[in-house]
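> Before I ask anything, let me first share the structure, which is written out below as structure tokens.
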Amino acid sequence: MIAKLDFRQYLKIAIYSLLFVNFILYIIDDITIASYTMRNGGSFLEWTRAFATTIDESAWLILLFLFELETYLLSDQAFSRPMFSRIMYSVRIFCYVFLVHSVYAYSVIYVDLLEVELIPDISNLCELVPMDISFVRNLYYTEIDLKNCLLLSSDEVFYYTEPALVVSDLSGLRLEKNLALVDILEVLIWLLILATIEIMVWLQDQSITRGSVISSMQISKYLLYGSLWTIAAYWAYHGHYYFAWDEALWIIGFISIEMNVSDWRKEIEESNQG
């Protein structure tokens, strides 16, 4: 499966490098948000939920690297070694555990937003200034003080999105719920894409390159990647251009893996014909 390094491969290197830079930025972003939501500490699971994006991105980067090894960089003979194959699959299973955690973490965040607590006897954000609380809207956190309390929201009803730490008004809460739901949908779509790639790789390992299963996998991936482009547009619509950019990079990165798989399939077919 080893091919010469052409323009497409240099493009992949650039994409993967940008994804790694984004990963570092996500770590910084998670740390920043945790400074608001985890000020009072929390359990181990609460901390893992706070850093769900970092954990998720870590797993995907490793999986992307493993797929690149399997579909392009390494020869078929390398995977015929039992010890090497066991290590590869063990690392993948470890990554899958991380990805399942992401589904759990985003789901808990969404459920918590459905059960938020109304702040009683408060009709103005300025009344919360002495309580050292932050306001969130559209995933942006701002510490409430006397200078900004009237600018952040003019509503008279507020909710705790994080008990005694973070609040939002009705419209802000509604948007937080929608964004949390998009997070869940996004990771589920990516898991489905991952499943299709795993099936395709397994079939081609068995020298199977044609059939109804492969055709259905290819059709489903058009729909899945189309859904991800829609999510990228949704992030951009709400001003999260960095999220949209990151989504686009991941899509291109995995389309590169799909192209590796396609090239590999052609090699198998040519070998079978020979």
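The values are calculated or read from the model by the stated rules, or taken from the named source; none is laboratory data. None of the values given here were measured: they were computed from a predicted structure. Glycine gets a Cβ as well: all are built from the backbone with ideal geometry, and neighbour counts include every protein chain shown.
> Looking for whichever is closer than 26 Å to Ala50 by Cβ and modelled with pLDDT under 90 here; the options are Asp169, Asp205, Asp132. Which one fits? Let's see the steps before the verdict.
Details: Asp169 fails: modelled with pLDDT under 90; Asp205 fails: closer than 26 Å to Ala50 by Cβ.
Exactly one residue qualifies, and that residue is Asp132.
> Give me the pairs, please: first residue somewhere in the stretch 45-69 and on the phi < 0 side of the Ramachandran plot, second residue anywhere and among the basic types (Lys, Arg) and assigned to a helix (DSSP H, G or I), beta-carbon distance under 8 Å, and either six or more positions apart or on two chains.
Between residues of the stretch 45-69 that are on the phi < 0 side of the Ramachandran plot and residues that are among the basic types (Lys, Arg) and assigned to a helix (DSSP H, G or I), the close pairs are Leu63/Arg92; Leu66/Arg92; Glu68/Lys12.
> Of these, Ser220, Ser216, which one is polar (S, T, N, Q), in contact with a Leu (Cβ under 8 Å, 6 or more places away or on another chain) and surrounded by fewer than 17 Cβ atoms within 10 Å (Cβ to Cβ)? Steps first, answer last, please.
Working: Ser216 fails: in contact with a Leu (Cβ under 8 Å, 6 or more places away or on another chain).
Selected residue: Ser220, the only one of Ser220, Ser216 that is polar (S, T, N, Q), in contact with a Leu (Cβ under 8 Å, 6 or more places away or on another chain) and surrounded by fewer than 17 Cβ atoms within 10 Å (Cβ to Cβ).
> Among the listed residues Ser227, Ser171, identify the single one that is polar (S, T, N, Q) and exposed (fewer than 13 other Cβ atoms within 10 Å of the Cβ).
Ser171
> Then there's this: Among the residues of the stretch 153-168 satisfying the criterion of being over 27 Å from Gly41 (Cα atoms) and polar (S, T, N, Q), which is farthest from the chain's Cα centre (by Cα)?
Ser154
For (1) part of a helix (DSSP H, G or I); (2) under 15 Å from Leu19 (Cα atoms), each residue gets a yes or a no:
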| residue | (1), (2) |
| --- | --- |
| Ser207 | no, no |
| Arg210 | no, no |
| Ile219 | yes, no |
| Ile231 | yes, no |
| Tyr234 | yes, no |
| Gly239 | no, no |
| Phe243 | yes, yes |
| Ala248 | yes, yes |
| Ile252 | yes, yes |
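> Shifting gears a bit: Kindly check whether there is at least one residue in the stretch 141-159 that is at pLDDT below 90, part of a loop (DSSP other than H, G, I, E, B) and within 18 Å of Thr37 (Cβ to Cβ).
No, because not a single residue in the stretch 141-159 is at pLDDT below 90, part of a loop (DSSP other than H, G, I, E, B) and within 18 Å of Thr37 (Cβ to Cβ).
> Another question, if that's okay. Within the stretch 172-182, can one find any residue that is within 19 Å of Gly239 (Cα to Cα) and assigned to a loop (DSSP other than H, G, I, E, B)? Spell out how you get there, then give the answer.
Kept after step one, since they are within 19 Å of Gly239 (Cα to Cα), are these residues of the stretch 172-182: 172-182.
Going one step further and asking which of them are assigned to a loop (DSSP other than H, G, I, E, B), we end up with none.
No, the stretch 172-182 contains no residue that is within 19 Å of Gly239 (Cα to Cα) and assigned to a loop (DSSP other than H, G, I, E, B).
> Just checking, which of Glu162, Glu198, Glu186 is in the same structural domain as Leu63 (by TED's automatic domain parsing) and buried (at least 18 other Cβ atoms within 10 Å of the Cβ)? Steps first, answer last, please.
On the way: Glu162 fails: in the same structural domain as Leu63 (by TED's automatic domain parsing); Glu198 fails: buried (at least 18 other Cβ atoms within 10 Å of the Cβ).
Residue meeting the stated conditions: Glu186.
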